[in-house]
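Peer 1: Quick one: structure below, then a few questions.
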Amino acid sequence: MQGITSFLQATLRLATPTLLASLGIVFSERAGIVNIGTEGMMLIGALAGVMGSYYTGSVILGTLIAMLVTVLFVSIFGFFTVIIKADQTVIGTGMNILAAGLTITANRAVFGASTSPPSIDVFDSWRIPLLADIPVIGPALFNQPIPVYLAFLFVPIAGFIMFRTNTGLKLRAVGENPRACDTVGISVTKVRFLAVLYSGVLAGFAGAFVSMGQMSFFTEGIISGGGFMAVAAVVFGNYTPRGVMFSSLVFGAAYALMPRIQAASMGIPGQFILMLPYLITIIALCLVIRRSNRPTSSAVPYIKE
Amino acid sequence: MSEMNQEVSVNEVKEDRVAGKEILRMVNVSKHFAQVVANKDVNLTVVEGEVHALLGENGAGKSTLMNVLYGLYAPSAGEVYYKGEKVEIHSPGQAINLGIGMVHQHFMLIPALSAIENVVLGYEGNGTVLDLKAAAKTFSDMSKQYGMAIDPWMRVEQLSVGQQQRLEILKALYRDAELLILDEPTAVLTPQEVENLFDIIRQLTKEGKTIIFISHKLNEIMTICDRCTVLRNGRVAAEGLPVKDIKNANQLAELMVGQTVNLKTDKSVAKPGEVVLQVKNVSALNDRKLQALNDVSFEIRAGEILGVAGVDGNGQSELVKVLTGLIPASEGQVRISGVDCINKSPKQILEHGVSHIPEDRQKMGMIAAMNLRENICLMEYDRMPYSGKGGLLRWSWIDEHSRELCSKYQVRTPGVQELAGNLSGGNQQKLVVGRELDREPKLLIAVHPSRGLDIGATKYIQSRIVEERDRGAAVLLVSTELDEVMDLSDRIIVLYEGEIMGTIEQKDADRNALGLLMAGIKNNEAQAG
């Protein structure tokens, strides 16, 4: 019983960064932008959050700063892909390389290269009374850091925005047929750019949660593929918030399973176990490649005649 | 060209206007794209409640002018007055607010969304949270009022082409459009659907709406329009000509083309020779694994044109793909000059003297990003005289040959190094036709050979096809343009849901008989009913 509880708890907590980031990029993906630079955005968010928390002494302020900095960072991506209409994959890859270098440099400049990390304010678990007393699932579901609750609460809200509001309709339409949107007076550039900025907000939050919720400081390469997993989660989740939640949980479970298999010492080399989440991602993507809500104009820049 | 004569006739008709309140006046509108002049000093005056035809060949500047009016293009010069007031329209949103609606030739709908979502998309009256139910009710009431019932909850991809067009019209009416621009609205419709559209247009004008009807189909203009403005090479060739004063289609054609045109393709009686193509009990599935062809059998002899009529999507495309080896047949036999050609590769089939003018020149006929000479060697690059020993291409010979081909088939181009994608649609098609006919085929498969072409190019390509027949080729002509099939074919088969509904000799063919077969009603049933 204890094992199940701790496994569930780890699954939710480990699914949260993927969920947060993919709830952001599911919107930009729907608008027709494939942002392979999510990895870099999360990296920037992770460092900015730590710095914010270090200087302000508050994890909340740190997270807000992470969001703001990531939005500034992703606006570069938005400028090149949406306004200049450059290739999204190339720019996204460039953003990842930029973020990797930038975070290493900034981290060493501020905190020094070899000293042990100072302690900062991080997300603590927040126990919900009564609900957390339910046997087995109670401690797993209702004794988590606040971002975990927020991420899961946001799933139905994101669904509502995407499928029930005027903004959501515009967003989905822009990804399908931008020219048609143009003829009914919608600014394709505006919708796409705002969707990209919005994905930056959540990617920054996701990064901050990695460095201040799962860990308690920034290390180089801290995201280690989490951003790519978020992009994969959107595809695997068939471009809906609910689907994204499902795929994030699958990935989270794979991460949670990792140390448990290792602990069971079944003779499988550790390196193979570390591959597990990524292997599951690949298999999952192969399984869903056919049925798809993938927007028709995905990754195609819209150029007015 | 008889530019001078035209000017005179323009002045004559200017005096004779249909009485009524003017809704739109475009004055001396010009539009340049880089060095190309798309519109030059165009004047257009539209009166409330009329159907005003905007006539011109492809590339004459009709769509450009309307895109200027709709705010998609900024005019280089000129003024627009709407309901007597000078307006500058910078965006479609602004045009919509003025009461201008446009149904584009390629529908501006989003297939993955429902009909009602498409209707309210971008509508300014939307709340933050969409109330689709209320919108659907308004929409349904409106669609019933105009006799265009469409289920608002259907996804657009499930609607037929005719329904999609009606949805586009309703989308504009939902935004209270008073002036409705219909860009080539009949290009995708069956004869019956065209009648339907005309009824809708009549009802709309009765309720005071104004229609600008863009077309190059003369008969339609004679039927539905009140007045007509003709564009030629971006300039006005005739302004506001009352249609009742027009004697016949030939007169309009002359204004449009600038010279006398013969609307009928001349053709002698066929002298069929031995059987070239033999198709026996062929069945095939389409890409969605549904039965697309069912037990189809026919023959074509040398020196004869067999026309295939039918509404788009009734197996024509699959038939051609089976014959050219692009998709497999599930059953049956195909023999070309007696050689078994079923389920062979396209290359093997083409080697038996088959030429193919494909249905979509952009996707299947040519490579837009390659230049002319490269496109010309696509079929025979691997043999003499295109390539020499060692497989190297002989560019000097190819260049010379390409130039000959361009002049023989009237492909207007700055040179053979020009990218095929930069040519106009008509010249692209002539390039494809030229390349295919140059191989002197025994069997010519021509699919929608004149789709999207102007009168001049259409007549030219049609006469070339007839010449091929006279040379002794067997021709399979697939077209959704009934007139084209009826004019050119010696015999006509009609496909409906993958089956041959009947075979008609050219002399017995008329629109009514073919139309019934196209709708799936066999002769004996029609007589019985």
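Every read-out reported here was derived from the displayed coordinates using simple, explicitly stated rules and does not represent laboratory data. Given the structure is predicted, the values throughout are model-derived calculations rather than measurements. Reconstructed Cβ throughout: ideal geometry from the backbone, glycine too, with neighbour counts over all protein chains shown.
Peer 1: Could you put B:Val466, B:Val275, A:Val26 in order, starting from the residue whose Cβ has the fewest other Cβ atoms within 10 Å?
Peer 2: On the way: B:Val466 19, B:Val275 16, A:Val26 28.
The order, fewest Cβ neighbours first, is B:Val275, B:Val466, A:Val26.
Peer 1: Can I ask one more? Under the definition of partner shielding as Cβ atoms of other protein chains within 10 Å of a residue Cβ, what is the mean value for peptide A:165-171?
Peer 2: On the way: counts 5, 10, 4, 2, 11, 3, 0.
Taking the mean over all residues of the peptide, I get 5.
Peer 1: Under 5 Å between amide H atoms, partner at least 5 residues away or on a different chain: which partners does B:Ile342 have, H built in plane at 1.01 Å?
Peer 2: Result for B:Ile342 returns B:Val334.
Peer 1: Excluding same-chain residues fewer than 8 positions from B:Lys206, which lysines have a Cα within less than 21 Å of its Cα?
Peer 2: B:Lys21, B:Lys83, B:Lys144, B:Lys171, B:Lys244
Peer 1: For region A:88-239, what does the alpha-carbon gyration tensor say about shape, rounded, prolate or oblate, given a ≥ b ≥ c as the root eigenvalues, a/c under 1.5 as rounded, and a/b over b/c as prolate? Kindly include the intermediate steps, with their values, before the conclusion.
Peer 2: Numbers: a/c = 2.76, a/b = 1.26, b/c = 2.20.
Taking the square roots of the gyration eigenvalues as a ≥ b ≥ c, region A:88-239 is oblate.
Peer 1: Taking the alpha-carbon distance from B:Lys363 and a cut-off under 18 Å, which aspartates and glutamates remain once sequence neighbours fewer than 8 residues away in the same chain are dropped?
Peer 2: Partners found: B:Asp287, B:Asp312, B:Glu318, B:Glu374, B:Glu436.
Peer 1: Also, quick follow-up: With θ set to phi - 60° and the Karplus curve 6.51 cos²θ - 1.76 cosθ + 1.60, what are the ³J(HN,Hα) couplings of region A:7-18 in order, to the nearest whole Hz, using x for Gly and Pro?
Peer 2: Values per residue, Gly and Pro as x: 5, 4, 4, 5, 4, 4, 5, 6, 6, 4, x, 4 Hz.
Peer 1: Right, another one. Step through the residues of region B:371-381 one at a time and calculate ³J(HN,Hα) from phi using the Karplus curve (6.51 cos²θ - 1.76 cosθ + 1.60, θ = phi - 60°), rounding each to whole Hz and writing x for Gly and Pro.
Peer 2: Ordered by residue, 3J(HN,Hα) equals 7, 4, 5, 5, 5, 5, 8, 4, 7, 10, 4 Hz.
Peer 1: Sort region A:147-209 into rounded, prolate or oblate with this rule: let a ≥ b ≥ c be the square roots of the eigenvalues of the Cα gyration tensor; rounded if a/c is under 1.5, and if a/c is not under 1.5, prolate when a/b is larger than b/c, oblate otherwise.
Peer 2: oblate
Peer 1: Given the Cα-Cα distance of B:Lys133 and B:Tyr146 and 0.36 nm per residue of separation, how much length would full extension add, in nm? Can you show the working numbers first?
Peer 2: Details: separation 13, 0.36 × 13 = 4.68 nm, distance 2.00 nm.
Answer, rounded to one decimal: 2.7 nm.
Peer 1: I need B:Met154, B:Met379 ordered by Cβ neighbour count within 10 Å, fewest first.
Peer 2: Taking fewest neighbouring Cβ atoms as first place, the list is B:Met154, B:Met379.
Peer 1: Same structure, new question: Quickly rank B:87-97, B:122-132 as a protection proxy: mean count of other C-beta atoms within 10 Å, highest first.
Peer 2: Numbers: B:87-97: 17.8, B:122-132: 14.8.
Packing proxy ranking, top to bottom: B:87-97, B:122-132.
Peer 1: Let me ask something additional. Regarding region B:381-456, what is the average projected area of its C-alpha convex hull, in nm²?
Peer 2: Working: hull surface 24.0 nm².
Mean orientational projected area (region B:381-456, Cα hull): 6.0 nm².
Peer 1: Turning to a different aspect of this structure: Is there a quick way to get the dipole size of region B:271-416? I mean about its Cα centre, with the Cβ of Lys and Arg at +1 and of Asp and Glu at -1; what is the value in debye to the nearest 20? If you can, show how the numbers build up before the last one.
Peer 2: Details: 18 positive and 18 negative charges, 63 e Å.
Charge dipole of region B:271-416: 300 debye, to the nearest 20.
Peer 1: Follow-up question, since we're still on this one. If amide H atoms are built 1.01 Å from N in the plane of the peptide, which residues on other chains or at least 5 residues away come under 5 Å of the amide H of B:Ser479?
Peer 2: Here the answer is B:Val308, B:His448, since their amide H atoms fall under 5 Å of that of B:Ser479.
Peer 1: Let me ask something else about it. Ignore the peptide's own chain and count Cβ atoms of other chains within 10 Å of each Cβ in B:106-113; give me the average, rounded. Kindly include the intermediate steps, with their values, before the conclusion.
Peer 2: Values: counts 2, 2, 7, 4, 12, 4, 9, 6.
Per-residue shielding by partner chains comes out at 6.
Peer 1: Taking B:Lys247 as the anchor, which lysines have their alpha carbon closer than 21 Å to its alpha carbon, excluding any fewer than eight residues away along the same chain?
Peer 2: B:Lys14, B:Lys217, B:Lys264
Peer 1: So what's the gap between the Cα centers of region B:171-235 and region A:174-204, to the nearest angstrom?
Peer 2: First find each Cα centre; the distance between them is then 33 Å.
Peer 1: Something else: With contacts defined as alpha carbon pairs under 8 Å and 6 or more residues apart, what's the relative contact order of region B:106-176 in percent?
Peer 2: Numbers: 63 pairs, mean separation 33.9, N = 71.
For region B:106-176, the relative contact order is 48 percent.
Peer 1: Right, here's the next one. If you scale each eigenvalue of the Cα gyration tensor by 5 and take the root, what three semi-axes come out for chain A, rounded to whole angstrom and sorted largest first?
Peer 2: On the way: eigenvalues 196, 108, 72 Å².
Calculated on Cα positions only, the semi-axes equal 31, 23, 19 Å.
Peer 1: I've got another one for you. Just tell me the longest site-free run in chain B, where the sites are trypsin sites (Lys or Arg not before Pro) in a DSSP loop having at most 13 other beta-carbon atoms within 10 Å.
Peer 2: Working: sites that count: B:Lys21, B:Lys247, B:Lys264, B:Arg288, B:Lys289, B:Arg383, B:Arg412.
Here the longest run is B:22-246.
Peer 1: Exceeding 23 Å between C-alpha atoms, which entries from my cross-link table qualify? They are A:Lys304/B:Lys86; B:Lys321/B:Lys344; B:Lys267/B:Lys522.
Peer 2: Details: A:Lys304/B:Lys86 26 Å; B:Lys321/B:Lys344 11 Å; B:Lys267/B:Lys522 29 Å.
Too far apart for the 23 Å limit: A:Lys304/B:Lys86; B:Lys267/B:Lys522.
Peer 1: So what is the diffusion coefficient of region B:106-176 in µm² per second by Stokes-Einstein at 20 °C and 1.002 mPa s, using a Kirkwood Rh over Cα pairs? Present the calculation step by step, with values, prior to reporting the outcome.
Peer 2: Numbers: Rh = 12.0 Å.
For these conditions, the coefficient is 179 µm²/s.
Peer 1: Same structure again: For helix A:270-288, what angle does its Cα long axis make with the longest principal axis of chain A, in degrees from 0 to 90 and rounded to 10?
Peer 2: 30 degrees
Peer 1: Also, quick follow-up: Just to be sure I understand: if I project the alpha-carbon convex hull of chain B onto a plane and average over all orientations, what area do I get in nm²? Could the numbers behind the result be given before it?
Peer 2: Working: hull surface 110.8 nm².
Result: 27.7 nm².
Peer 1: While we're looking at this one, here's another question. Taking neighbour counts of Cβ atoms within 10 Å as a proxy for exposure, in what order, fewest first, do A:Asp133, B:Asp490 appear? Write down the numbers at each step before the final one.
Peer 2: Details: A:Asp133 11, B:Asp490 22.
Exposure proxy ranking, most exposed first: A:Asp133, B:Asp490.
Peer 1: Apply the Debye scattering formula to region B:254-344, with a single equal point scatterer on each alpha-carbon and no solvent, then give log10 I(q)/I(0) at q = 0.19, 0.21 Å⁻¹.
Peer 2: -0.88, -1.00
Peer 1: Amide H to amide H under 5 Å from B:Leu277: which residues, 5+ apart in sequence or cross-chain, H placed 1.01 Å off N in plane?
Peer 2: B:Ile300, B:Ser337
Peer 1: Taking all pairs of different Cα atoms in the protein assembly as shown, averaging 1/r and flipping that mean, what Kirkwood radius in angstroms comes out?
Peer 2: On the way: mean 1/r = 0.0322 Å⁻¹.
Over the protein assembly as shown, the inverse of the mean reciprocal pair distance is 31.0 Å.
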